[in-house]
Amino acid sequence: MKREPIELFMPPNMLKAKAGSGPGGLDMAAVKRAEQAMETLKSEFADWLADDVGVLVAARTRYGQQPDAATRASLLRAAHDIKGQAATFNYPLIARVAGSLSRMIGDLPESATLPLSLIDAHVNAILVIHKQAMQDTGDKIALALCTELDARVDELLPK
Amino acid sequence: MSGYRFDRFKVLVVDDNIHMRKLVTTILQAFGVIQIYEAENGDRAWAILREANPDVVVMDWMMEGMSGIELTRMIRTNPQSPNPFVPVIMLTGHTLIEDVAEARDAGINEFIAKPVSVKTMMQRLVAVIEHPRPYVRTGAYFGPCRRRRGDADYRGPERRSASATQQAAE
C-alpha cells in the first residue's frame with residue numbers, strides 16, 4: 001500500500017472570534033426574524049417562479065432550434081433551478097416535474113438526443129400547474145401526471 | 001443569552017439565479033449580517049473573494065461557466081486564494097449521496113439541499129462557527145476533514161492517504 005504524507009491541522013477559528021460566545025446552538029431570535037422576513041417575501045414568490053418558468057420555456061425554444069451541448073446545458077440549468085426553487089416558492093408539484101426533467105437531461109448520455117416531445121410534456125405540465133396555482137400536492141390529476149412523467153423518464157434512461 | 005454577532009460577518013453569496021440570491025440575502029440580513037456581497041457567477045465571485053476576503057461563502061453548485069465545485073477547488077488550492085480555509089456552504093438542488101460526496105471531495109464545509117429553510121441555514125452557520133472541522137492536506141486533497149465522526153474501532157488502512165478510488169485500485 002502506497003503511503004502519502006498527511007498533514008492534519010486546525011486553523012484558528014476566526015469565525016468564532018467574530019461571532020462571539022452566542023447561544024452555542026441555534027440563535028432562535030435570529031431564526032424568528034428571518035422567518036418573518038421570509039413571510040414578507042412570499043408575496044413575490046409567484047412572480048419569481050413565473051420568471052424561472054419563462055427562462056425554462058426560452059431554453060426549450062433554443063434547444064429546439066439548435067440542439068447542441070450549450071443549449072442542452074442551459075435547458076438543464078433552467079430545469080435544475082426550478083427543481084431546487086419551486087418547493088421554496090411553495091410549488092412542490094412543479095419542483096417534482098422539474099426534477100423529472102432535469103433527471104432526464106442529466107442522466108441521458110450526451111450522445112443521445114433529448115426527445116422534444118417528453119421535454120414539452122414536462123414544460124407544459126409546469127406551465128399548467130403554475131397557471132392554475134396548484135400549491136398543494138393533493139390534486140389527483142396532477143399527481144397522476146407527475147407519476148406518468150417519472151415513468152416515461154424511467155423507460156428512457158439506461159438501466 | 002445574547003445572539004451571535006452576525007453583524008461582524010462578511011458573507012459572499014454566489015448564485016446565477018437572482019431570486020435565490022435575494023432569498024439568501026434576505027435570510028442573512030434578518031440574521032443580522034450587514035456586509036453581504038453578491039456574485040452571479042464563479043468569475044465574479046473569485047474577484048470579490050480577492051477584494052473583500054469574506055468570512056463565509058454561500059454558493060450554488062450549478063452555474064453557467066465555473067461551477068460551485070470548481071470555485072471551491074480554486075478557493076482551497078489556488079495560490080492566489082486569499083483564504084483557503086474560508087467556510088463554504090453549498091446550496092443546491094443536487095441531493096443524491098454521490099452529489100454530497102463530490103461536493104465534500106471538492107472541499108465544501110456544509111451542504112444545504114434545496115428547498116431552503118431558515119432553520120437549515122442557521123444550523124449550517126452554527127456548524128461552521130461552533131464545530132469547525134480540522135483541515136487535511138494529502139497529495140490528492142486539501143480541505144476540511146471529510147470524516148464527520150471518528151470511528152474508534154476502524155482498523156483498516158489509512159483512508160486519508162489517497163482518494164477512495166485509488167485505494168480500491170491498490
Exercise for review: Working only within the range A:26-65, note down all residues that are touching a Leu at 6+ places or on another chain (Cβ under 9 Å) and either at positive phi or not in a helix (DSSP H, G or I) (or both).
Suggested key: A:D27
Review point. Quick one: what pairs do we get from the range B:65-86, first residue aromatic (F, W, Y), second part of a loop (DSSP other than H, G, I, E, B), C-beta under 6 Å, 6+ apart or different chains?
Key: B:F85/A:P11
Exercise for review: Could you check, for the range B:25-36, whether at least one of its residues is surrounded by fewer than 18 Cβ atoms within 10 Å (Cβ to Cβ) and under 21 Å from B:Y135 (Cβ atoms)?
Suggested key: no
Study note, to complete from the structure: Within the range B:46-65, of all residues that are modelled with pLDDT of 95 or more and farther than 19 Å from B:G143 by Cα, the one surrounded by the most Cβ atoms within 10 Å (Cβ to Cβ) is B:I48
Practice item. Kindly indicate which of B:E38, B:E98 is modelled with pLDDT of 95 or more and acidic (D, E). Key: B:E38
**Study point:** Of residues in the range B:1-16 being surrounded by fewer than 23 Cβ atoms within 10 Å (Cβ to Cβ) and either assigned to a loop (DSSP other than H, G, I, E, B) or basic (K, R) (or both), the one farthest from the chain's Cα centre (by Cα)
**Key:** B:M1
Check your understanding: Can you spot a residue in the range A:106-126 that is in contact (Cβ under 8 Å) with a residue 40 or more places away in the chain, within 13 Å of the chain's Cα centre (by Cα) and not in a helix (DSSP H, G or I)?
Key -> no
Point to revise | B:R73 in a helix (DSSP H, G or I), basic (K, R) and under 14 Å from the mean Cα position of the chain (by Cα) | key: yes
Review point. Being closer than 16 Å to A:V128 by Cα and free of Cβ contacts under 8 Å to residues at least 24 places away in the same chain, is that true of even one residue in the range A:58-76?
Key: no
**Study point:** Residues of the range A:14-31 satisfying the condition of being farther than 20 Å from B:T120 by Cβ and either loosely packed, with under 15 Cβ neighbours inside 10 Å or among the small types (G, A, S) (or both)
**Key:** A:M14, A:A17, A:G20, A:S21
Point to revise | Among (1) more than 21 Å from A:R103 (Cβ to Cβ); (2) of a type outside the set (S, T, Y); (3) without any contact (Cβ under 8 Å) to a residue 40 or more places away in the chain, the one test that B:N53 misses | key: (3)
Practice item. Determine whether the range B:30-46 contains at least one residue that is assigned to a helix (DSSP H, G or I) and among the hydroxyl-bearing types (S, T, Y). Key: no
Point to revise | Enumeration of residues in the range A:67-95 that are away from every other protein chain (no Cβ under 12 Å) and under 18 Å from A:A142 (Cβ atoms) | key: A:L93
Study note, to complete from the structure: Counted residues in the range B:100-137 being touching a residue at least 12 places away in the same chain (Cβ under 8 Å) and more than 8 Å from chain A (Cβ to nearest Cβ) come to 16
Exercise for review: For the range A:45-65, enumerate the residues that are charged (D, E, K, R), surrounded by 14 or more Cβ atoms within 10 Å (Cβ to Cβ) and over 15 Å from the mean Cα position of the chain (by Cα).
Suggested key: A:R60, A:R62
Point to revise | Test set (1) under 21 Å from B:V128 (Cβ atoms); (2) within 7 Å of chain B (Cβ to nearest Cβ); (3) in a loop (DSSP other than H, G, I, E, B) - A:S21 fails condition number | key: (2)
Check your understanding: Are any residues in the range B:14-27 in contact with a helix residue (DSSP H, G or I) (Cβ under 8 Å, 6 or more places away or on another chain), more than 8 Å from every other protein chain (Cβ to nearest Cβ) and closer than 19 Å to A:E35 by Cβ, and if so, which ones?
Key -> B:V24
Point to revise | Given (1) facing chain B (nearest Cβ under 7 Å); (2) more than 20 Å from B:P84 (Cβ to Cβ), number of the condition A:K32 does not satisfy | key: (1)
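The values are calculated or read from the model by the stated rules, or taken from the named source; none is laboratory data. Keep in mind it's a predicted model, so treat the numbers as computed, not measured. Neighbour counts are summed over all protein chains in view; Cβ atoms, including those assigned to glycine, are modelled from backbone coordinates with ideal geometry.
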